[in-house]
Each structure stands twice: as C-alpha cells, then as structure tokens.
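Notes follow once the structure below has been shown.
Each value in this text was obtained by applying a stated rule to the coordinates, not by laboratory testing. All of these numbers come straight from a predicted model, not from anything done at the bench. Here Cβ is always computed from backbone atoms with ideal geometry, including for glycine, and neighbour counts include all displayed protein chains.
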Amino acid sequence: MNIHEYQAKALLKSYGAPVAEGVAIFSADEAEAAAKKLPGPLYVVKSQIHAGGRGKGKFTELGPDAKGGVRLAKSVDEVVANAKEMLGNTLVTKQTGPAGKQVNRLYIEDGADIDRELYLSILVDRSVGRVAFVVSTEGGMDIEAVAEHTPEKIVTVAIDPDKGVTADDLKTLTEALELEGEARADAEKLFPILYKAFVEKDMSLLEVNPLIVMKNGRMRVLDAKVSFDGNALFRHEDVVALRDTTEEDEKEIEASKHDLAYVALDGNIGCMVNGAGLAMATMDIIKLYGAEPANFLDVGGGASKEKVTHAFKIITADPAVKGILVNIFGGIMKCDVIAEGVLAAVKEVGLMVPLVVRLEGTNVELGKKIINESGLNVISADDLDDAAQKIVAAVKGA
C-alpha cells in the first residue's frame with residue numbers, strides 16, 4: 001500500500017525526522033489560507049499522486065509549455081494561481097503511463113535553501129535477507145539512471161536486525177554521502193529514526209529523494225515516498241486509514257476484496273492462473289508469441305468456485321481485454337472447480353471475447369468434460385505453449 005508524500009512526511013515527523021512545515025489542500029479555495037500558515041517567502045506547490053517524476057511531469061490539459069507537478073512560488077498569490085491551475089488536471093509522468101493521474105490534492109510546503117541534494121532509501125534486500133540502506137551523493141534524479149551510468153556512486157549497507165543501525169553503519173553511510181559538521185551530526189540522528197520507522201510500521205520501501213543539506217548546514221527530508229507491506233496492514237489501523245483508493249486501479253481494489261492477487265497491466269489478453277510462478281510463465285509466453293498480457297492474476301492454490309467467478313468477472317470488466325487465457329495446473333486446486341467457476345461467470349456476464357482454457361492436474365478429465373459439454377464457445381488447449389499460440393491467434397484474428 002502506498003501513501004501520499006504529505007502523509008509520509010507526517011509519519012516520519014512523528015518519529016522525529018526533520019521535515020519542512022506544510023499544509024495539504026483539496027481545493028484551490030484553501031490555497032491562500034494554507035500558504036499564510038507557512039513562514040515564506042518561498043513556497044513549494046506539490047501535486048500529490050502515487051507516482052514519481054512529478055517535477056518533470058506535464059499536465060495534459062495545459063499544453064507542452066506548462067510547468068510540471070512541483071512548482072516554486074515566491075508569493076501567496078503565486079501559490080493560489082498554481083493551485084487553480086494544477087488541481088483537477090491530469091499529470092503525466094514516467095511512472096503514471098500515458099493516461100496520467102488526476103491531481104486531487106496538493107501539498108503547500110515551506111521552501112528551503114538547498115546546498116546539496118542526496119539520495120536515500122531503505123528497503124528489504126532479499127539477496128542478504130536484511131533491511132538495507134541505499135544511498136548516493138546523486139540525489140534529485142532517477143536512481144535508475146545513476147545505477148546505469150555511475151553505479152559506483154551507489155552504496156548499500158545492510159543492517160543487522162539484532163544490532164540495529166550501529167556506529168560503523170553510520171560511519172559508512174555518512175562517508176558515502178560525504179557529510180561533515182552539522183550535516184553529519186544530523187544524519188547520525190536521522191538514519192536510526194528512519195530505520196525505526198521502517199521496521200515498526202512494516203514498510204516495504206522508504207525513499208527520500210532528495211535528502212538535502214541546506215545552506216545553513218542542516219539536513220532535511222525534502223521528499224518522501226513510503227510503501228507498506230500489505231500482509232502486515234492488519235497490525236496498523238493508523239496506516240490503513242491513510243489509504244487513498246482514488247489512486248488505485250478499480251479492478252485491483254475489487255480483487256483485494258476477494259483475496260485475489262491481481263495487478264493491472266497494459267496488454268489485451270486477460271490471464272487467470274493458479275500460482276504466481278505459473279502466472280509469470282503464462283505472461284512470458286504470451287509476450288513470446290507477440291502479444292501483451294492485460295493483467296497478472298493468481299487465484300491461489302485453494303480457490304473456491306465463487307472466488308474463480310469473481311476473478312473471471314474482474315478480467316471481463318476490463319475493456320482493454322480482447323481475449324482470455326485460463327491456465328490451471330491442478331494440485332490443491334481442482335480443475336473441475338475452475339471449470340465450474342468459469343462457466344458460472346460466463347453465464348452471469350456473458351462471453352464477448354475469445355476464451356482459451358488449458359487444464360492439467362487434479363480432476364482434469366472432469367474439468368475438460370464440464371467445459372466441453374457447456375455449449376460455450378471455448379477453445380481447448382493441450383499445454384501452455386498450445387494455449388498461448390491459440391489465444392494470440394484468436395485475438396489477432398478478431
């Protein structure tokens with residue numbers, strides 16, 4: 001689960017992290033009062049969407065010469081003018097895709113005199129099975145670009161969970177960021193704070209880009225991106241309360257209600273599979289034969305008929321889907337249950353696109369019998385390779 005920047009900063013501030021004063025607003029009418037609560041005279045007006053690259057983004061309704069989604073303002077009047085221009089319009093960034101995201105919230109923040117911009121993130125480093133800091137002196141830009149062109153400028157420090165952030169860890173991190181004086185002292189206080197927040201709140205990612213050193217020598221968290229482990233949200237009612245479902249795909253929200261692992265993608269072939277590994281393989285082979293999957297969907301190993309029905313309905317609700325591939329290997333999951341779930345869904349919502357079904361494993365013959373005797377226009381497949389070729393051909397033929 002993701003949250004907005006202003007929510008992330010409020011959370012980090014509650015742990016003692018240094019952040020600027022700021023006010024979130026939801027309408028342009030609130031902009032003037034929000035700005036007047038801040039010291040000024042420099043303000044920053046920030047679009048609040050769940051995507052990076054906001055500063056370099058473009059508002060589709062405002063033309064190619066319009067400013068991006070993060071803007072400096074030197075007066076309260078400028079804050080108001082920017083708020084009126086940004087709220088309600090669609091911001092397109094590298095991470096939103098061409099459709100962009102509508103800006104429904106802004107964060108009006110006090111400006112800062114920046115001397116240096118640094119990069120810091122905390123994540124789970126699965127190669128060592130520990131939480132790790134990733135830092136770089138190259139802040140304020142895409143870390144992917146830094147990794148590609150100057151990987152030596154990225155330093156990773158894994159933290160021993162029994163010891164926490166040690167003096168040696170702090171020495172490595174502050175030296176990697178070339179920090180001295182007050183900035184170094186601030187960092188030695190800040191890094192354990194961020195680690196504590198990460199662990200206690202079950203975060204999966206905490207990214208500060210940039211982490212800045214101001215001209216007065218002090219450090220500040222200038223941006224904050226936080227994601228939480230969805231499997232641990234039952235422990236954090238305060239975090240769940242921060243969820244903004246308008247930033248999420250409606251199909252993914254519906255899938256979560258039925259405990260389905262669903263991720264919307266940009267293709268046109270809907271996939272329903274049991275098992276994450278098999279789902280990934282199914283998506284790969286669709287791409288191999290020249291098409292693109294419309295989703296990742298794992299119904300799980302022990303799905304019921306009702307769960308399968310809901311999964312199929314979510315797929316068919318996507319207007320981009322021009323064909324559907326059901327690929328089931330029955331272990332715990334029984335092929336006849338899948339067949340019954342698919343038929344129930346088809347009878348309820350109809351079948352307007354080609355459907356290829358590949359079944360194998362437990363009760364496979366019964367499953368195939370149910371499909372074949374249904375009277376529906378379903379294309380049977382013998383194996384995954386055959387299934388992928390048939391659905392791609394059917395979609396392209398249509």
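Just a few scattered comments:
- Order of Thr316, Thr246 - criterion: other Cβ atoms within 10 Å of each residue's Cβ, fewest first: Thr246, Thr316
- Computed over neighbours whose Cβ is under 14 Å from that of Pro293, the net charge equals -2, Lys and Arg +1, Asp and Glu -1.
- Taking only the C-alpha atoms of the chain, Rg followed by Dmax gives 24.9, 78 Å.
- Degrees, to the nearest 10: 305-316 long Cα axis against longest axis of the chain: 70
- In summary, the aspartates and glutamates within cross-link reach of Lys74, defined as a Cα separation below 15 angstrom excluding same-chain residues under 8 places away, comprise Glu32, Glu109, Asp110, Asp113.
- Here is the size of the stretch 150-276 from its Cα atoms: Rg then Dmax, 19.3, 57 Å.
- C-alpha long axis of helix 5-14 to longest principal axis of the chain, angle in °: 60
- For the stretch 1-92, trypsin sites (Lys or Arg not before Pro) meeting the loop criterion (DSSP other than H, G, I, E, B) and having at most 15 other Cβ atoms within 10 Å: Lys37, Lys56, Lys74.
- Each residue of the stretch 133-140 is assigned a 3J(HN,Hα), and the resulting list reads 8, 10, 10, 7, 6, 8, x, x Hz, derived from the Karplus form 6.51 cos²θ - 1.76 cosθ + 1.60 (θ = phi - 60°), x at Gly and Pro.
- Size of electric dipole in the chain: Cβ of Lys, Arg +1 and of Asp, Glu -1, about Cα centre, debye, nearest 20: 500
- Three semi-axes of the equivalent ellipsoid, the stretch 21-110, Cα gyration tensor, whole Å, largest first: 22, 12, 11
- For Asn268, nonlocal amide neighbours, meaning residues 5 or more places apart or on other chains whose placed amide H falls under 5 Å from its own, are Glu292, Ala294.
- Computed over the stretch 270-398, relative contact order equals 27 percent, with contacts defined as Cα pairs under 8 Å that lie 6+ residues apart.
- Alpha carbon centroid spacing (whole Å) that separates the stretch 271-300 from the stretch 209-254: 29
- In the stretch 200-337, lysine pairs closer than 28 Å at Cα, eight or more apart or cross-chain: 29
- Packing here is the average count of other Cβ atoms within 10 Å per residue, and on that basis the peptides 168-178, 204-214, highest first, run 204-214, 168-178.
- Stokes-Einstein D for the stretch 221-319, Kirkwood Rh over Cα pairs, 4 °C, 1.567 mPa s (µm²/s): 86
- In the chain, taking the dipole from charged Cβ atoms about the Cα centre, the farthest positive-side position among Val349, Ala112, Met283 is held by Val349.
- If both residues of a DSSP beta bridge must be in the chain, then about 70% of such bridges are antiparallel.
- Charge dipole magnitude, Cβ of K and R +1, D and E -1 - the stretch 249-335, Cα centre, debye nearest 20: 360
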